[in-house]
Amino acid sequence: MTLVAAPGCQGDDADGGGDDEVGEDNGEDADGTTDGTDEGTGEEGGDDFIPPHGGMRRMLDHQYVNSIGYMFGDEAQAVADPPGDLALHGYDAIGAAEIAPGLDLVELYETSALEIGDAVVANPGRLASFVPCVTESPGQACYTDIAQTLGHIAWRRPLTDAEVSEIVDIALEAEEWGEGDFNAGLKYELVRILLSPNFIYVKEVGVQDANEPEEFWLTGPEMVTRVSLLINGRIPSLATLESAEAGNYDSVDAIEDFARALLADPSAPDAISEFFGEYLDLRIPGKNLDAFPNYSEALADSMLQETDMLLRHVIWEADTDWRTFYDADFTFIDQNLADLYGMAAPEEPFGQVELPADQNRAGFLTQGTFLARNAHADGNSTTRRGHYIQERMLCFTIPPPPPDVNPNIPEIPEGEQMTLREVMEQIHLEEESCASCHKDMDPLGFVLENFDALGQWRTEDNGLPIDSVVDYGDWGTMSNGVDLATNVAMDPRTTQCLVNNIIRFGRGSLEDFNNESDEILELYADFETANFRVKELLVSFVTSELFRQVGEPK
Amino acid sequence: MRKFLKRRTFLRGATIGGVATVALPKLDAMLNLEQTAFADGSTDAVRYLSWFMGNGFVLDRFEPVGTGESWQLNAHMQPLAGVKDYLNVVTGLTNRSKETITHHEGMTVFNGYTMVDIGQGQGFFSNPGGPTLDHLISEALAGQTPISGIHLGVSKAQSPADYGWTMHALSHRGYLQPNEPITSPSAAWQSLFGNLMQDKDDRELRLSILDSIKPEVDTLKSELGPQDNMRLEAHLESIAALEAKLAVAAPLCELPMDPMFENSEPINNEQLTLVNELMSDLMAYAFSCDLTRVATLMFLEGAAEPQLGEVQGAQGSWHNASHNTNTWAVGNYYDNGQIYMMERFGYLLEKLRDTPDFDGNNLLDNTIALMSSDASDGSVHAITRQPMLLAGSGRGYLKYPGIHYQPAPLSGSYNYGQWPTPSSGNCSDVLLSILQAFDPTATWVGEEPDQWGEGAGSGTPLPDILA
């Protein structure tokens, strides 16, 4: 086999990049590099792995906003308002890789950049930390420093002299327009840099593997950018970029060290919560105030904070088994939620409390977010609750109703009083054409019928006692929220489904079992070996071929 | 903390404010009445708009009574009585989408394409197979106005399980090229008028910046594959769209104030009547100022689940109501909601009717509006007899007074909750008829027939509705 090192994977770690002696079993060579130069691990050369296409992804709006904060400070971050993300397959990251820009895209970026420019002129301190001349010696020569240094950060690569010249020309034109005002030149120079496709789009094309022509290894700068965007939620620091350009992030060990360092950064929990924002998609619809007079947007906000605090507790504070998110016997509440759940409020404004045993609550599936999101404005939906669990927790797809099925809800005979469960059993589970799909949805919702459309505990529905006992396949008999939560937590599909979703979010493409099955199964196994700790999953993911390789540019 | 779970797109634009709503001034007070020509110097501009409401019709209360010239409004079209002469109603035609997954196929009446990418492991998923009619018209009118089209929405609600784009936008430039509807009136105002109201005129400078970044787009294209090249082409089009706005020397009319309303209330509590009025007013302004001649308005997305709190008897989600027999009777939620929707469409049509155009006609005289839904009978997701309501006479292009075209009457045994029969013809014939008003050379719209001769496109316009 020809030993041709892929650029960016030279393994010549100069400093701090991980002088690797031992490769782990996730695709790197024995020397810790990823150059595909031998078949020593059995994964390089001749494998069946075909990564998804490389290409460009538009930076997500949270990544854009955080990057502005990194480059220009809080004031500029506060006014950064890029075009909204467009989701595809449930993820903005996939939309950012697949969907064409709207016609208003550049206008919205420009509006944002102009605002940022004004904010930086008024508050130049952060920019001056990269380019001191902005405050120390403002003048035309400074425009060149700005283009070189800020351009390097924003575009994630050094600029050519011609590119610097193009940018400086704009600055000078603006300075003249501003009648000699340095800050006019500064503002429009920043607009010029931020409006460039080199800032807006993240290019991930890698370098072709010498032995596997369908595989392209992301370069060091591409890798640190991809990892930073995932774990930090922003572009990498200038120091990291320069180190990557020097070849210090070409080894998988260096990437692991880098990922661990980012996970310890204060920005990591916010960035990873962006993932969960999409994974859980907790947009809580408003409620009918006649049916739920205690509904308010403030209550919905409290619900969201409850779920976010449990997430952060499991992943960051306790750094514990992900399944705790489902079977925790505690939660985090404020006065709003204490009133809703019928519990005593904690002493602090939002504090950790034990869940009351008599309501059989456990973890996320008995929190207001899940329960209220998957309900109607005026009442419960057993279908929605079950559908959400199947689709998001277990990655089990329920097809839409076939066209020849009558989806209509029959009229309940006047005077006949029925619970929602009784209605749904009649219309969703008696007819085989409906039951073939609804048998996997409504029964899971039946178990949660003791929680109303806001998540309040109840014992009656429509004036009739609630029957929450169901027998559901391998999960056996369940009678309450704890039973359901335990089954969801212990089902191996739950942790695997989280892995699938992190792949989607982290690289902007669906997992592909036709071409990536070994690597995905390996990631499942890594997660289990790490006792299902999400931080370790992230490390395994970013050091896997699933993350480090792309296919031909799409 | 919660902001990370409360997705940013949901908050978009909320920073502007939105505590007060400023009523837009009356249009006739704002127009420069000395103006006699349109932005491109022509005197014969025609506007096009698509209008959509999700979850279908109740056909036996919607389809007009009688056909031809002597037809009467049925119960659900009564809100359009004030503009009846401007209506050409087409019923009884078949939406020829080759696939059905519920709701998505209904969108074919706006583009003539069967949706693609069906399922893809996510159940209720598809993407549109081609460009919508409004985009074809924008292309035909390219360069005649500063803005190629404005795409608005009223309700923010979407189906909670729909991960594709077929229904998330009413306007598409092609496969995975949606024109996402703007649901904030303030953002819509900004998109239409914001660049015409500058404190300090830096437009030349900004045009220089745009000009200088184009080569960078080209360089990037050389490094990427065909799919990303298509996206970068769209990026260049986006640059061109901004350039066109910045190049506007002076608007043809005085500009309205920012309505200062964000439409940020949660689903189920949205102020849909107010948002519809603000969006309709902005569309009328945009047409009357000749900033654009193409618009779409998605009032409520198909399979979306909001409770329409402003509808009498509202109980539960609108989508649910379309399937819930308890809501269908006259005077109940679904029945009232159908009338409510037509009132909202009627507001826009009357606004256009009451707005003078430069040539002395009113805007409705010079507009063609197409209204439909994602199904004919919403309860069973039928696409037989899918109604297409045309409003406006298109500067004499469509019949005025309008007619009711119907190949055959609705079966007497039909009740809401069934696939309606008989159904014949092809809804896309209507699309081609409209397209030819803007592009007389057009001979086809939508997808070509497959090897079995099946396809949703059309090469045969519907002459009956033409003047």
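The values are calculated or read from the model by the stated rules, or taken from the named source; none is laboratory data. Since the structure is predicted, the reported quantities are computational estimates derived from the model, not experimental observations. Reconstructed Cβ throughout: ideal geometry from the backbone, glycine too, with neighbour counts over all protein chains shown.
Within region B:404-412, is there a residue that is in a strand (DSSP E or B), in contact with a strand residue (DSSP E or B) (Cβ under 7 Å, 6 or more places away or on another chain) and not small (Gly, Ala, Ser)?
Of all residues in region B:404-412, those in a strand (DSSP E or B) come to B:404-405.
Subset that is in contact with a strand residue (DSSP E or B) (Cβ under 7 Å, 6 or more places away or on another chain): B:404-405.
With not small (Gly, Ala, Ser) added as a condition, the list becomes B:404-405.
There is at least one residue in region B:404-412 that is in a strand (DSSP E or B), in contact with a strand residue (DSSP E or B) (Cβ under 7 Å, 6 or more places away or on another chain) and not small (Gly, Ala, Ser).
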Sole exception among (1) away from chain A (no Cβ under 12 Å); (2) surrounded by 24 or more Cβ atoms within 10 Å (Cβ to Cβ); (3) at negative phi; (4) not hydrophobic (A, V, I, L, M, F, W, C) for B:Ser171, by number: (1)
Scanning region A:189-230 for residues that are farther than 30 Å from A:Ala141 by Cα and without any contact (Cβ under 8 Å) to a residue 40 or more places away in the chain, the one nearest to the chain's Cα centre (by Cα) turns out to be A:Ser228
Can you find, within region A:290-304, the residue that is nearest to the other protein chains (Cβ to nearest Cβ) among those that are assigned to a helix (DSSP H, G or I) and surrounded by 14 or more Cβ atoms within 10 Å (Cβ to Cβ)? A:Leu304
For A:Ala362, the lone unmet condition from (1) modelled with pLDDT of 85 or more; (2) more than 10 Å from chain B (Cβ to nearest Cβ); (3) over 20 Å from A:Ala489 (Cα atoms) is (3)
Go through (1) part of a helix (DSSP H, G or I); (2) of a type outside the set (Lys, Arg); (3) closer than 16 Å to A:Ala141 by Cβ one by one and return the number of the condition A:Glu173 breaks. (3)
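Please verify whether B:Met257 is surrounded by fewer than 18 Cβ atoms within 10 Å (Cβ to Cβ) and either away from every other protein chain (no Cβ under 14 Å) or touching a residue at least 60 places away in the same chain (Cβ under 8 Å) (or both), treating the condition exactly as stated. Working first, answer last.
Numbers: surrounded by fewer than 18 Cβ atoms within 10 Å (Cβ to Cβ): yes; either away from every other protein chain (no Cβ under 14 Å) or touching a residue at least 60 places away in the same chain (Cβ under 8 Å) (or both): yes.
In short, yes.
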Restricting to region B:183-228, name every residue that is more than 7 Å from chain A (Cβ to nearest Cβ), crowded, with 17+ Cβ neighbours inside 10 Å and farther than 24 Å from A:Leu114 by Cα. B:Lys221
Taking A:Ala78, is it assigned to a helix (DSSP H, G or I), surrounded by 22 or more Cβ atoms within 10 Å (Cβ to Cβ) and more than 8 Å from chain B (Cβ to nearest Cβ)? no
The residue from B:Tyr405, B:Tyr334, B:Tyr347, B:Tyr397 that alone is among the hydroxyl-bearing types (Ser, Thr, Tyr) and either on the phi > 0 side of the Ramachandran plot or within 13 Å of chain A (Cβ to nearest Cβ) (or both) is B:Tyr334
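Only one residue in A:Glu274, A:Glu278 is at the interface with chain B (Cβ under 10 Å from one of its Cβ atoms), in contact with a His (Cβ under 7 Å, 6 or more places away or on another chain) and either in a helix (DSSP H, G or I) or more than 21 Å from B:Gln307 (Cα to Cα) (or both), so which one is that? Spell out how you get there, then give the answer.
Details: A:Glu278 fails: in contact with a His (Cβ under 7 Å, 6 or more places away or on another chain).
None of the other options fit; the residue is A:Glu274.
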So which residues in region B:395-426 are of a type in the set (Gly, Ala, Ser) and more than 13 Å from B:Asp85 (Cα to Cα), if there are any at all? B:Ala408, B:Ser411, B:Gly412, B:Ser413, B:Gly417, B:Ser423, B:Ser424, B:Gly425
Step by step: first the residues of region B:108-130, then only those that are over 17 Å from B:Leu432 (Cβ atoms) and among the hydrophobic types (A, V, I, L, M, F, W, C), then the one that is surrounded by the most Cβ atoms within 10 Å (Cβ to Cβ). Which residue is that? B:Met115
When the residues of region B:158-168 are filtered to those that are within 8 Å of another protein chain (Cβ to nearest Cβ) and among the hydrophobic types (A, V, I, L, M, F, W, C), which remaining residue is surrounded by the fewest Cβ atoms within 10 Å (Cβ to Cβ)? B:Ala161
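Determine whether B:Ala169 is part of a loop (DSSP other than H, G, I, E, B) and under 13 Å from the mean Cα position of the chain (by Cα). Please lay out each step first, then the result.
On the way: part of a loop (DSSP other than H, G, I, E, B): yes; under 13 Å from the mean Cα position of the chain (by Cα): yes.
Criteria met by B:Ala169.
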Tell me whether region A:414-425 contains one or more residues that are closer than 21 Å to A:Gly481 by Cβ, among the basic types (Lys, Arg) and part of a helix (DSSP H, G or I). yes
Out of all the residues in region B:281-331, which are more than 11 Å from every other protein chain (Cβ to nearest Cβ), crowded, with 22+ Cβ neighbours inside 10 Å and of a type in the set (Gly, Ala, Ser)? B:Ala284, B:Ala286, B:Ser288, B:Ala295, B:Gly302
Within region B:142-156, which residues are farther than 22 Å from A:Ile94 by Cβ and part of a loop (DSSP other than H, G, I, E, B)? B:Ala142, B:Gly143, B:Gln144, B:Thr145, B:Pro146, B:Ile147, B:Ser148, B:Gly149, B:Val154, B:Ser155
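Please enumerate the residues belonging to region A:407-433 that are within 9 Å of another protein chain (Cβ to nearest Cβ) and surrounded by 15 or more Cβ atoms within 10 Å (Cβ to Cβ). It would help to see each step written out before you state the result.
Step one: list which residues in region A:407-433 are within 9 Å of another protein chain (Cβ to nearest Cβ), which gives A:407-412.
If the condition is that a residue be within 9 Å of another protein chain (Cβ to nearest Cβ) and surrounded by 15 or more Cβ atoms within 10 Å (Cβ to Cβ), then A:Pro407, A:Asn408, A:Ile409, A:Ile412 are the ones that fit.
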Filtered residues of region B:351-363 (kept if buried (at least 18 other Cβ atoms within 10 Å of the Cβ) and acidic (Asp, Glu)): B:Asp357
Is there any pair with a first residue in region A:441-459 that is in the same structural domain as A:Met343 (by TED's automatic domain parsing) and farther than 15 Å from A:Asn487 by Cα and a second that is among the β-branched types (Val, Ile, Thr) and buried (at least 23 other Cβ atoms within 10 Å of the Cβ) whose Cβ atoms are under 9 Å apart and which are 6 or more apart or on different chains, and what are they? A:Asp442/A:Thr382; A:Glu449/A:Thr382; A:Phe451/A:Thr366; A:Gly455/A:Thr366; A:Gly455/A:Thr369
If you scan region A:317-351, which residues turn out to be more than 29 Å from the chain's Cα centre (by Cα) and of a type in the set (Gly, Ala, Ser)? A:Ala338, A:Gly342, A:Ala344, A:Ala345
Being crowded, with 24+ Cβ neighbours inside 10 Å and away from every other protein chain (no Cβ under 13 Å) is the filter here, so list the residues in region B:264-275 that pass it. B:Val275
Checklist (1) under 19 Å from the mean Cα position of the chain (by Cα); (2) assigned to a helix (DSSP H, G or I); (3) surrounded by fewer than 21 Cβ atoms within 10 Å (Cβ to Cβ) applied to A:Glu242, failing item: (1)
Qualifying residue in region A:111-129 (condition: in contact with a strand residue (DSSP E or B) (Cβ under 6 Å, 6 or more places away or on another chain), part of a helix (DSSP H, G or I), within 14 Å of another protein chain (Cβ to nearest Cβ) and not acidic (Asp, Glu)): no
Only one of A:Val550, A:Val499 that is within 14 Å of chain B (Cβ to nearest Cβ) and either assigned to a strand (DSSP E or B) or within 25 Å of A:Met56 (Cα to Cα) (or both): A:Val550
Mind checking whether some residue in region A:381-393 is surrounded by fewer than 16 Cβ atoms within 10 Å (Cβ to Cβ) and within 30 Å of the chain's Cα centre (by Cα)? no
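Enumerate the helices (runs of 4 or more DSSP H) found wholly within region B:272-379, keeping only those where 1 or more residues are closer than 30 Å to B:Gln144 by Cα.
Details: elements: B:272-288, B:318-323, B:333-353.
Those helices (runs of 4 or more DSSP H) span B:272-288, B:333-353.
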